[in-house]
1. Do we have Ile464 as under 23 Å from the mean Cα position of the chain (by Cα) and surrounded by fewer than 22 Cβ atoms within 10 Å (Cβ to Cβ) here?
2. Return the residues of region 243-257 that are farther than 17 Å from Ala298 by Cα and open to solvent by 10 Å² or more (accessible area, probe 1.4 Å); say none if nothing qualifies.
3. Could you run through region 297-328 and say how many residues are touching a residue at least 12 places away in the same chain (Cβ under 8 Å) and in a helix (DSSP H, G or I)?
4. Say whether the condition of being under 28 Å from Ser47 (Cβ atoms), polar (S, T, N, Q), under 28 Å from the mean Cα position of the chain (by Cα) and open to solvent by less than 40 Å² (accessible area, probe 1.4 Å) is met by at least one residue in region 449-457.
5. Output the qualifying pairs, or none if there are none: Cβ atoms under 7 angstrom, residues six or more apart or on different chains, first residue in region 141-167 and closer than 18 Å to Thr188 by Cα and open to solvent by less than 20 Å² (accessible area, probe 1.4 Å), second residue assigned to a helix (DSSP H, G or I) and among the polar types (S, T, N, Q).
6. Considering only region 60-139, give the helices (runs of 4 or more DSSP H) lying wholly within it that have at least 2 residues that are in contact with a strand residue (DSSP E or B) (Cβ under 8 Å, 6 or more places away or on another chain), within 27 Å of Thr185 (Cα to Cα) and open to solvent by 50 Å² or more (accessible area, probe 1.4 Å).
7. How about region 31-74: which of its residues are touching a residue at least 40 places away in the same chain (Cβ under 8 Å), of a type in the set (Lys, Arg) and under 19 Å from Ile372 (Cβ atoms)?
8. Under 15 Å from Leu203 (Cα atoms), assigned to a helix (DSSP H, G or I) and in contact with a helix residue (DSSP H, G or I) (Cβ under 6 Å, 6 or more places away or on another chain) - does that describe any residue in region 159-175?
Amino acid sequence: MYKILHVSLLILCLKCENGLSIREYSKEDILKLREEVREMFQHAYDSYLRYAYPYDELRPLSCDGLDTWGSYSLTLIDSLDMLVIMGNYTEFNRVVDIVLEKQNFDSDINVSVFETNIRIVGGLLSAHLLSYKSGMKLEPGWPCNGPLLRLAEDVAQRLIAAFDTTTGMPYGTINLRKGVPPGETSVTCTAGVGTFIIEFGTLSRLTGDPLYEEVALNALKALYHHRSPIGLVGNHIDVMTGRWTAQDSGIGGGVDSYFEYLVKGAILLERPELMSMFNEARLVIDKYLKKDDWYVWATMLRGHVTLPVFQSLDSYWPGLLSLIGESDTAMRIIHNYHSVWKQYGFTPEVYNLGTGEASSSRESYPLRPELIESIMYLYRETRDPILLQMGEDILRSIQHSARTPCGYATIKDVRDHRKEDRMESFFLAETTKYLYLLFDPDNFIHNPGVHGTVINTPNGECIIDMGGYVFNTEAHPIDPLMLYCCHEARQGINISEVHRISQILDEEDNIKFMTMIDASMNRNVTNTTATATNSETLTNDTVKTTTNATTADKKVEQNQELIKTQTRTGYVNIDGTEREKNNETLGDILKEHINNYYNNTKINESDTKPVLEPDVKTDSKVEVEVDDIIVPKMETETLQPPSSTRAKEVIKILPKVLQDYINNDYKPKSTCEPQRMLERIRNEKRYPDHPDINKYGILLTSAPSFMQRMCIAGEFLNRKHMEL
């Protein structure tokens, strides 16, 4: 008994020596800290609006702004969901109106694919999903529809060209208007490849378009496929060859969010294969990289230690472990990381474990959120007051050394707390958010699933806001239940077969072309011919003519407004109805349309020529073969290409519908055609499915209570999943 008491006193004394004596926090104490964080955010946010907007970031020492990642008011978009979390709905609604009115991503600028995805796409998606809490007027069909969602999808569509590589892994840089810049390096860090499944998966589930989720999943499969024989991944990889260009393996910078997205993507999208990929990686990481509750860097081929350092970015790891129910291990690790904070007042970018000192070349602290992120996660699970004290330590350090009259500044050197003239957007998006949520235990984000909100959607009633929010790596929360509300999510995404053609034009052009021919045919019908011709039914999208020419024109105009080139389930007719499947290819249908146009053209009674083109001599009784129109027979001798003047003259002799198409509707094909890229990914099947793809029991881990959302109770997993 005395021995046990002695050991307990020794442990208590050690805690006191390390500055970790347990302090009691009352509810009033915690809320007071929360309000201090609110004021911190407000000071930084107001300073950005006053001195830096519309630039990307604030310079808190110069009291001005600069563009860093893309010249798209990055800090403003990154801060949107924090306004909702704090309950500042008036400001949220005001800023959303500004973003929707002024934001235009059609810019000739090169941006980071990774940063634009996590900050812009993630920020817009989160703001879209949280907008109902602010009292904002929602569009019909929300959350499957809305202006912020459309804006997020517009950005994602500009990023998607980066994935058009031989391996399916994306380039690191993209031009928002032109695609991958000429001469762009094909070398990308691992995190830059594996950090898309949350944002892109959310987009696919909300919009019903499988493109985003499939390309992001394909990139994750590619990394898994290219791991080393012992199961480690490197730091940088060539996305065109799959060759690792930096073979150091670790959990920190350049790799970190890849592991994070395996766990969070598995939870958010209910993909057990992602959790299985993480579990496999975790075993290898613990074998080769874990040294006494620290994590080092090693060669990916043999696991030999190369860099015995702790990086500030490593600090996300304990929080990630808490998501899979390993809080005991996470607590031991976070005590190590906090000891570095106590040594300097901040965590340096790199800390040498051998010397116990900050690296002389990486001694800065750019207001990073990773340590407070893990503290917040662990406190939600354990309610250990030591974690509150760690959070208060971080708050005190930032307030004391980073605050300026115009915001909060990066700490240039943790050893003397010199400041640097930069406040990155993640200070408002992440650092203040995690601090605020740590000291606000009753926030709606922490809802353990005891209450929710019922909404009506096009798919019927849906329950949202039950908690279990999944944060992307920029701390933008996503409600998984809202993904369940949209489209065919109850049975999984309804991925219909995409029509594939290899004829003259691509899918969109075919439909547009046929529509113009149909419209032209109707306009050529005179109002003196009272009855409609008994025209051949080519496909379900043939427009019926009427005896009244004016009515026919109005009908055509109305039909043209209803034209859609592509839908979630395939293609539609020009009257907006679904096109039924048949054995005819679009190329055959196109030929029949053109044949019909030429061979059934009516002659106006008042004219001596058919209604085609004044310069074209035709005989209405002559049958014209479509192949002669599209691919005319050429003479054997070599023909010189016509001059531009002659080419313009030739266009004049073409039928009006072809003139309109060539002059107005033809657009050069983009370097990346997403739908074709998706078809290629599906056809190649370069990376086989993980064997655990249907083992949904893997998702039922001993996760903390706040992650025990509806899926854990079996209500979120559909019946088909449960049977599997």
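The values are calculated or read from the model by the stated rules, or taken from the named source; none is laboratory data. Computed from a predicted structure; not experimentally measured. Reconstructed Cβ throughout: ideal geometry from the backbone, glycine too, with neighbour counts over all protein chains shown. Just the protein is used for accessible areas: all its heavy atoms, side chains included, with ligands, DNA and RNA removed. Shrake-Rupley method; radii C 1.70, N 1.55, O 1.52, S 1.80 Å.
1. yes
2. Passing the criteria: only Arg243.
3. 13
4. Looking through region 449-457, none of the residues is under 28 Å from Ser47 (Cβ atoms), polar (S, T, N, Q), under 28 Å from the mean Cα position of the chain (by Cα) and open to solvent by less than 40 Å² (accessible area, probe 1.4 Å).
5. These pairs meet every condition: Leu159/Thr116; Leu159/Asn117.
6. So the answer is none; nothing clears 2.
7. Arg34, Arg38
8. yes
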